[in-house]
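Student: Can you keep this structure in mind? I'll have questions shortly.
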Amino acid sequence: MANFIRSKKSYIPLLVLQTALVVVWVVLFNYNEFFKYNDSMDYSQMGREIARGNGFSTLQVFPGHLRYMKDRDLLNRPHWPNLYRFPLPTISNALFQMVIADPLKAGIIQSGFWMLLTVPLVFLVLKRVASVSAGIIGGFVFFFDSMQYSYSGLSETLVTFWLMLVIYILFCFKKGNAGYICLGIFTGLLFLSRTVFFFLIPVLIIYFIANRVDWRKIFLFILLFSIIISGWLVRNYELTDSPFFLS
């Protein structure tokens, strides 16, 4: 019982830290960073397309897309398919716009939400590898280092959240079958947030083999990762004849 109480008390600093940082973020809320980035406004309008029931579409195209649109007789038929933005940040924008009427405010709040949700993961990882004090310091450093992006409406905070969650599951979670299922799901969501993270798959498989992980757990990881990303790959293939197409 004493050990249980001590383990619960060790999370009190995290609760205090998280509450304080949420208050600081709300007090400092601003629109300045959002208007610095064209990508923020683009993700916002694509999120609006989903929120309005138009699917993964856009009202903006670039010169590189014109040939694609012309070949498919789409030039004069917006809403055009989204060929260049990652799906999960777009969905995140859409979900927040369904709750918050102002799409600009929704974009900023969703960036801040994912950044603030990452703070506990930073704390937990550092607490596991070092100490509670390291977790608190790391949480503060991460928060203030990420402030600019947390008001930007960009996808960086979402990407960082999924990456930290993968790291947490990998090094801090007791991994039975459930752990490898979660790892496959979260790595798939990381890929859908920034497709460059596909390189993590061979790296993780080599890591598993080096640590003599049961092949059935590796299979579960690959299976769940494949299931999570399959819808996006099929959609891309149907549109462009390439599952990994991203202009």
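Student: Where a ≥ b ≥ c are the square roots of the eigenvalues of the C-alpha gyration tensor, would you call the chain rounded, which needs a/c under 1.5, or, failing that, prolate if a/b is larger than b/c, or oblate?
Tutor: oblate
Student: Then there's this: Collect residues whose amide H, placed 1.01 Å from N in the peptide plane, falls under 5 Å from the amide H of THR58; neighbours closer than 5 in sequence don't count.
Tutor: Distant-sequence amide H within range of THR58: TRP80, ASN82.
Student: How large is ³J(HN,Hα), in whole Hz, for each residue of the stretch 79-94 in order, when computed from phi with the Karplus curve 6.51 cos²θ - 1.76 cosθ + 1.60 and θ = phi - 60°, using x for Gly and Pro?
Tutor: After applying 6.51 cos²θ - 1.76 cosθ + 1.60, I find 8, 7, x, 6, 10, 9, 9, 6, x, 5, x, 5, 5, 4, 4, 4 Hz.
Student: Decide, for the stretch 1-146, between rounded, prolate and oblate: order the square roots of the alpha carbon gyration tensor eigenvalues as a ≥ b ≥ c, take rounded if a/c falls under 1.5, and otherwise choose prolate if a/b is larger than b/c, else oblate.
Tutor: In terms of gyration-tensor shape, prolate.
Student: Using only the alpha-carbon atoms, how far is helix 156-172 inclined from the longest principal axis of the chain? Give it as 0 to 90 degrees, nearest 10.
Tutor: Its long axis makes an angle of about 40 degrees.
Student: Would you please name the trypsin sites (Lys or Arg not before Pro) within the stretch 51-150 that are DSSP coil residues with at most 14 other C-beta atoms within 10 Å of their C-beta?
Tutor: Answer by residue number: ARG52, ARG72.
Student: So with the 1.4 Å probe, I'd like the accessible area per residue for the stretch 1-115, rounded to whole Å².
Tutor: Ligands and nucleic acids excluded, the figure is 57 Å² per residue.
Student: Same structure, new question: Taking the Cα atoms only, what angle lies between the long axis of helix 200-210 and the longest principal axis of the chain, rounded to 10 degrees?
Tutor: Rounded to the nearest ten degrees, it is 40.
Student: Whenever you get a sec, compute what percent of the accessible area on the stretch 103-204 sits on carbon and sulfur atoms (1.4 Å probe).
Tutor: Carbon and sulfur: 73 percent of the exposed surface of the stretch 103-204.
Student: With an 8 Å Cα cut-off and a minimum separation of 6 or more residues, compute the relative contact order for the stretch 77-206 in percent.
Tutor: It comes to 26 percent, rounded to a whole number.
Student: Pairs of alpha-carbon atoms within less than 8 angstrom and 6+ residues apart define the contacts here; what relative contact order does the chain have, in percent?
Tutor: 20
Student: Using alpha carbon centroids, what distance separates the stretch 55-73 and the stretch 186-247, in Å?
Tutor: Computed from Cα coordinates, the inter-centre distance equals 27 Å.
Student: Take the alpha carbon gyration tensor of the stretch 191-247, find the square roots of its eigenvalues, order them as a ≥ b ≥ c, and report rounded if a/c is under 1.5; if not, report prolate when a/b exceeds b/c, else oblate.
Tutor: prolate
The values are calculated or read from the model by the stated rules, or taken from the named source; none is laboratory data. Being a predicted model, the structure only gives us computed values, none of them experimental. Heads up, the Cβs are rebuilt from the backbone with ideal geometry, glycines too, and the neighbour counts pull from every protein chain shown. Remember, those area values only see protein heavy atoms, side chains included, never the ligands or the DNA or RNA. Shrake-Rupley method; radii C 1.70, N 1.55, O 1.52, S 1.80 Å.
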